[in-house]
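Asks: Structure provided below as structure tokens; questions to follow.
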Amino acid sequence: MTALASARQGAALAIKPAMATHDKILIVDFGSQVTQLIARRVREERVYCEIVPFQKAEAALAELKPKGVILSGGPASVHDKDAPLAPSAIYQAGVPVLGICYGEQAMAQQLGGKVEGGHHREFGRAEVEVTRPSLLTDGVWEVGQRYPVWMSHGDRVTRPPEGFVATGTSPNAPIAMIADEERKFYATQFHLEVVHTPHGAALIRNFVRNIAGCRGDWTMRAFKEEAIEKIRRQVGKAKVICGLSGGVDSAVAAVLIHEAIGDQLTCVFVDHGLLRLGEGERVVALFRGHYNIPLVHVEAEALFLKHLARITDPEQKRKTIGKLFIDVFEAEAKKIGGAQFLAQGTLYPDVIESVSFTGGPSVTIKSHHNVGGLPERMNLKLVEPLRELFKDEVRALGRELGLPDAFVGRHPFPGPGLAIRCPGEITREKLDILRLADDIFIEEIRRVGLYDDIWQAFAVLLPVRTVGVMGDYRTYDAVVALRAVTSTDGMTADFYPFDAAFLGTIATRIINEVKGVNRVVYDVTSKPPGTIEWE
């Protein structure tokens, strides 16, 4: 095991606020692109859960002692050589089990049922008819009624295992739901976790709260109190340094750690010059002024622009920014001296996406945005108090810690900042144009009270120029694209349907107020299920 891996493992063991006192659900990941959504739905019920790859499920079962297990979907077929399966210990543990999509097929295959391939594949919306009552559908669906669901499968169950009965059917999956009420085993061919199955969250609630009997006592207040105590035990009297990016995650981590250990924490804010208008000043004012947290502000715009010169490939931009950020941070950490711990705003999706669970296609999707990591030469132990949380939970924790709502409620902003919203070569002139256009867009959205209705909104400076006429002059200037999307989970999204007059107001302001822009367009692209980012 490398020093870095050892440090991460130590951090994971040290910061486990939920392990001891709360009911838990174990989610076994077979490689679905939307497995995280299962965890989101469970967490919405105030029940703690963890996702583990199927290869590590038996060890996690023994460690977590969950009150229930959920088997995720995945891209494999149970007929594949070395197909991923759940360890037999799960079926023998005496706890309820819920299989979803591939999870149903794995359960059926392992327990003696029959799964067949070669039938009509089904991807997208479908209808399921409830044919028998079960605890899973109790109070949500009625026998004899049809309900919309989201399917994504090639194989299908054609004979349930002994002890199971079919409880639901669809045209392309005659056995779309199965149940063994005695053992409390349930499975669905369709995805419960996605919003495209409108009642899916309620079915998961039935499994978690009514079937598995979880109390629903995992709250952000409880998490905060337990995390503070765990941080104190882990750090002791040692010094901690924290790298601030200007985003919500690192800010919440810093405030949480400061509440635990006070001035033992020093924050380093590497201002790479790729932030939104006034963002750097706001971060400094919040931490130095409001919280009085020791802060080192490194103004590194010139350095980052020098290294980004002539780079046009977006992935190379990411890696360049990630590496340079670490180099600058490491240099500042050496100047501070004496620190034994490094604090990071690592979230649970970061943990999940950094691990290859199955070697399937989801791995490529989940790993494409990683830009760098902690160098082993820093020889610092990690404090990652948010590594169990999703983004919305981090926001809730931030509010619990007293962070201003205007800060914790901000739209997601990528680590590489405006560099990836400025296709082509990065220059200070382009960034200034983009910053002003983006600021006008956000200002107008706030003015009409739409900011909180939108998941993410931003401007992009396109790498094209167009001929236009402004007054009596012909212009040859840049084009700005605007994007705004709605989402409930960050996994799927659709464009926000702005009124045409409102878009016209924004376009007029940008063209009049931002020198170098003569055209504004609005992007109406949707984000399909399973993709990770929207940039």
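The values are calculated or read from the model by the stated rules, or taken from the named source; none is laboratory data. All values derive from a computational prediction rather than experimental measurement. Cβ atoms come from the backbone with ideal geometry, glycine included; neighbour counts cover every protein chain shown. Areas reflect the complete protein model, heavy atoms only, side chains present, ligands, DNA and RNA absent. Shrake-Rupley method; radii C 1.70, N 1.55, O 1.52, S 1.80 Å.
Asks: In this structure, is Thr137 within 32 Å of the chain's Cα centre (by Cα) and modelled with pLDDT of 90 or more? Before the answer, list the steps.
Replies: Values: within 32 Å of the chain's Cα centre (by Cα): yes; modelled with pLDDT of 90 or more: yes.
Criteria met by Thr137.
Asks: What number of residues within the range 73-95 satisfy the criterion of being open to solvent by less than 10 Å² (accessible area, probe 1.4 Å) and in a loop (DSSP other than H, G, I, E, B)? Outline the logic, then answer.
Replies: To start, the set of residues in the range 73-95 that are open to solvent by less than 10 Å² (accessible area, probe 1.4 Å) comprises 73, 86, 90.
When the remaining residues are screened for being in a loop (DSSP other than H, G, I, E, B), the result is 73, 86.
Residues in the range 73-95 being open to solvent by less than 10 Å² (accessible area, probe 1.4 Å) and in a loop (DSSP other than H, G, I, E, B): 2 in total.
Asks: Given the options Leu418, Leu403, name the one that is out of contact with any Asp or Glu (no Cβ under 6 Å at 6 or more places or on another chain), assigned to a loop (DSSP other than H, G, I, E, B) and under 17 Å from Ser245 (Cβ atoms). Show your work before the answer.
Replies: On the way: Leu418 fails: assigned to a loop (DSSP other than H, G, I, E, B).
Answer to the selection: Leu403.
Residue-wise test of (1) at pLDDT below 90; (2) farther than 26 Å from Val394 by Cα.
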| site | (1), (2) |
| --- | --- |
| Asp313 | no, yes |
| Gln316 | no, yes |
| Ile321 | no, no |
| Gln340 | no, no |
| Thr346 | yes, no |
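Quick grid of which residues meet (1) open to solvent by 70 Å² or more (accessible area, probe 1.4 Å); (2) β-branched (Val, Ile, Thr); (3) in contact with an Asp or Glu (Cβ under 7 Å, 6 or more places away or on another chain); (4) not in a loop (DSSP other than H, G, I, E, B):
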position: Gly449; (1), (2), (3), (4): no, no, no, no
position: Leu462; (1), (2), (3), (4): no, no, no, yes
position: Val480; (1), (2), (3), (4): no, yes, no, yes
position: Leu503; (1), (2), (3), (4): no, no, no, yes
position: Asn518; (1), (2), (3), (4): no, no, yes, yes
position: Val524; (1), (2), (3), (4): yes, yes, no, no
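Asks: How do the strands (runs of 3 or more DSSP E) wholly within the range 122-241 filter down when requiring 2 or more residues that are more than 21 Å from Val69 (Cα to Cα): which remain? I'd like the intermediate steps shown before the answer.
Replies: Numbers: elements: 122-130, 146-153, 156-159, 165-170, 173-180, 185-188.
Because the criterion is at least 2 residues that are more than 21 Å from Val69 (Cα to Cα), the strands (runs of 3 or more DSSP E) in the range 122-241 that meet it are 122-130, 146-153, 156-159, 165-170, 173-180.
Asks: For a quick check of your reading of the model, give me the residue pairs whose first member lies in the range 496-507 and is closer than 15 Å to Leu450 by Cα and in contact (Cβ under 8 Å) with a residue 40 or more places away in the chain, whose second is part of a helix (DSSP H, G or I) and open to solvent by 40 Å² or more (accessible area, probe 1.4 Å), with beta-carbon atoms closer than 9 Å and at least 6 apart or on different chains.
Replies: From the range 496-507, the pairs are Tyr496/Asp453.
Asks: Go through the range 283-309 and give me each residue that's touching a residue at least 24 places away in the same chain (Cβ under 8 Å), surrounded by 15 or more Cβ atoms within 10 Å (Cβ to Cβ) and not in a strand (DSSP E or B).
Replies: Scanning the range 283-309 gives Val283, Leu286, Phe287, Tyr291, Ile293, Pro294, Ala300, Glu301, Leu303, Phe304, Leu305, Leu308.
Asks: Can I ask one more? Take Ile433 and decide whether it is open to solvent by less than 40 Å² (accessible area, probe 1.4 Å), aliphatic (A, V, I, L, M), over 30 Å from Leu26 (Cβ atoms) and out of contact with any helix residue (DSSP H, G or I) (no Cβ under 7 Å at 6 or more places or on another chain). So that I can check it myself, show each step before the final result.
Replies: Values: open to solvent by less than 40 Å² (accessible area, probe 1.4 Å): yes; aliphatic (A, V, I, L, M): yes; over 30 Å from Leu26 (Cβ atoms): yes; out of contact with any helix residue (DSSP H, G or I) (no Cβ under 7 Å at 6 or more places or on another chain): yes.
Answer is yes for this residue.
Asks: Continuing with the same structure: Pull up the range 197-230, narrow it to residues that are open to solvent by 10 Å² or more (accessible area, probe 1.4 Å) and of a type in the set (S, T, N, Q), then point me to the one that is modelled with the lowest pLDDT.
Replies: So, considering only residues that are open to solvent by 10 Å² or more (accessible area, probe 1.4 Å) and of a type in the set (S, T, N, Q), the one modelled with the lowest pLDDT is Thr219.
Asks: Also, quick follow-up: Considering only residues of the range 335-349 that are touching a helix residue (DSSP H, G or I) at 6+ places or on another chain (Cβ under 9 Å) and part of a helix (DSSP H, G or I), which is nearest to Asn379 (Cα to Cα)?
Replies: Step one: filter the range 335-349 for residues touching a helix residue (DSSP H, G or I) at 6+ places or on another chain (Cβ under 9 Å), giving 339-349.
Retained after the next criterion (residues that are part of a helix (DSSP H, G or I)): 348-349.
On the way: Tyr348: 23, Pro349: 25 Å.
Ranking the candidates gives Tyr348 first.
Asks: Do any residues in the range 394-419 that are without any contact (Cβ under 8 Å) to a residue 12 or more places away in the chain and at positive phi have Cβ atoms under 6 Å from those of residues that are assigned to a helix (DSSP H, G or I) and of a type in the set (A, V, I, L, M), where the two are at least six apart or on different chains, and which pairs are they?
Replies: Pairs found: none.
Asks: Oh, and also: Can you give me the number of residues within the range 157-196 that are under 16 Å from Val42 (Cβ atoms) and either more than 33 Å from the chain's Cα centre (by Cα) or buried (at least 23 other Cβ atoms within 10 Å of the Cβ) (or both)? Give the steps one after another, and end with the answer.
Replies: In the first step, residues of the range 157-196 are kept if they are under 16 Å from Val42 (Cβ atoms); the result is 186, 188, 191-195.
Filter once more, keeping what is either more than 33 Å from the chain's Cα centre (by Cα) or buried (at least 23 other Cβ atoms within 10 Å of the Cβ) (or both): 186, 188, 191-194.
Counting residues in the range 157-196 that are under 16 Å from Val42 (Cβ atoms) and either more than 33 Å from the chain's Cα centre (by Cα) or buried (at least 23 other Cβ atoms within 10 Å of the Cβ) (or both) gives 6.
Asks: Hey, any hits in the range 122-131 for a residue that's under 21 Å from Glu162 (Cβ atoms), among the acidic types (Asp, Glu) and surrounded by fewer than 21 Cβ atoms within 10 Å (Cβ to Cβ)?
Replies: Step one: list which residues in the range 122-131 are under 21 Å from Glu162 (Cβ atoms), which gives 131.
With among the acidic types (Asp, Glu) added as a condition, the list becomes none.
No, the range 122-131 contains no residue that is under 21 Å from Glu162 (Cβ atoms), among the acidic types (Asp, Glu) and surrounded by fewer than 21 Cβ atoms within 10 Å (Cβ to Cβ).
Asks: Identify all residues within the range 37-59 that are in a helix (DSSP H, G or I) and open to solvent by 10 Å² or more (accessible area, probe 1.4 Å); write none if there are none. Don't jump to the end; show me each part of the working.
Replies: Our first condition is that a residue be in a helix (DSSP H, G or I); within the range 37-59, this holds for 37-44, 54-59.
Result: Arg40, Arg41, Arg43, Glu44, Phe54, Gln55, Lys56, Glu58, Ala59.
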